[in-house]
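The structure appears below as structure tokens.
The values are calculated or read from the model by the stated rules, or taken from the named source; none is laboratory data. Remember, it's a predicted structure, so these values are computed and weren't measured experimentally. Here the Cβ positions follow ideal geometry from the backbone for every residue, glycine too, while neighbour counts run over all protein chains shown. The protein model used for the area step is the full one, side chains on, heavy atoms only, and it has no ligands, DNA or RNA in it. Shrake-Rupley method; radii C 1.70, N 1.55, O 1.52, S 1.80 Å.
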Amino acid sequence: MNILLSNDDGWRADGLRALEAALAGLGRLTVVAPDRNRSAASNSLTIETPIRVVEQDDRRYAINGTPTDCVHLALSGLFEDEHHLVVSGINDGANLGDDVLYSGTVAAAMEGRFLGLPSVAISLVHDGEPKRHFETAGRVACELVERLIATPLQSVSLLNVNVPNLPYESIQGTRVTRLGVRHRAQPVVHGRDPRGRPVYWVGAPGAGQDAGPGTDFHAVDHGYVSVTPLQFDLTRHTALPRLEAWLSPDDV
Ligand code: MN
């Protein structure tokens, strides 16, 4: 079992180290991760500049690209041997609801799925508390990956996992969830650089809005691990007939 690990927080991130430690017994691990924090890179690919790969340690590679670049390279020619599974994380922060559209952690797993492999994205949900229970998320990742190896999921193979920032013993269980929705993000933050020029920061994400029972937000808020199966098809299938009618009103 060859397992590819990546993330969006960069190859030095504590969450990735914890993931490596947790999955060490499950197969041969290869880490291909960005050389710096590329959080919120979404599914971007680097196509206008060359990508360089630096082997930092045995089977641990840092690249000057995005999370999607990492998985794309790793599964499309960087290595001779094939991989069987992709695990991305452990992200230092939530990937709940609309976060998945921006997330580099989820994007790395999605690239794995695009290229035909079962993939898991795993994130630790915290409120900025200094103590990060990455070891909890590592145990959760290990249990899920063991289960995936023993019983492959045929049609559902991109799992978005969010783990509360708690000691493992305090986790209430696991819930299968749908994505919730956040309120809109906090306003842009204005500032000045040392030379007086205006600078801006993208504001913090909004709180959960559609966050009731059944959602990923609700599960994590109540101490459960949230597991959401994701698909790529963004088509709003229920709107197809209405759109047909709107575009050709005379035919209806
Ligand atoms: Mn991140």
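Number of residues in segment 103-114 that are over 17 Å from Thr30 (Cα atoms) and surrounded by 22 or more Cβ atoms within 10 Å (Cβ to Cβ): the value is 5. With respect to Leu117, determine if the residue is within 15 Å of the ligand (Cβ to nearest atom), assigned to a loop (DSSP other than H, G, I, E, B), open to solvent by less than 50 Å² (accessible area, probe 1.4 Å) and at pLDDT 95 or above. When the stated conditions are applied, Leu117 does not pass them. Entry remark, segment 29-50: residues being away from the ligand (no atom under 16 Å from the Cβ) and open to solvent by 50 Å² or more (accessible area, probe 1.4 Å) number 5 in total. Look through segment 7-23, keep the residues that are away from the ligand (no atom under 11 Å from the Cβ) and under 22 Å from His84 (Cα atoms), and return whichever of them is surrounded by the fewest Cβ atoms within 10 Å (Cβ to Cβ). Filtering first and then ranking leaves Ala21.
Of all residues in segment 120-138, those satisfying the criterion of being open to solvent by 50 Å² or more (accessible area, probe 1.4 Å), away from the ligand (no atom under 13 Å from the Cβ), outside any helix (DSSP H, G or I) and under 14 Å from Pro167 (Cβ atoms) are Glu129, Lys131.
Within segment 172-219, the set of residues being over 18 Å from Ala94 (Cβ atoms), open to solvent by 100 Å² or more (accessible area, probe 1.4 Å) and part of a strand (DSSP E or B) comprises His190, Arg192, Tyr200, Trp201. Taken as a whole, the structure places Leu26 among residues that are in contact (Cβ under 8 Å) with a residue 40 or more places away in the chain, away from the ligand (no atom under 16 Å from the Cβ), of a type outside the set (Val, Ile, Thr) and open to solvent by 30 Å² or more (accessible area, probe 1.4 Å). Filtered by the rule that a residue be under 30 Å from Pro205 (Cβ atoms) and not in a loop (DSSP other than H, G, I, E, B), segment 18-60 gives Ala18, Leu19, Glu20, Ala21, Ala22, Leu23, Val31, Val32, Ala33, Pro34.
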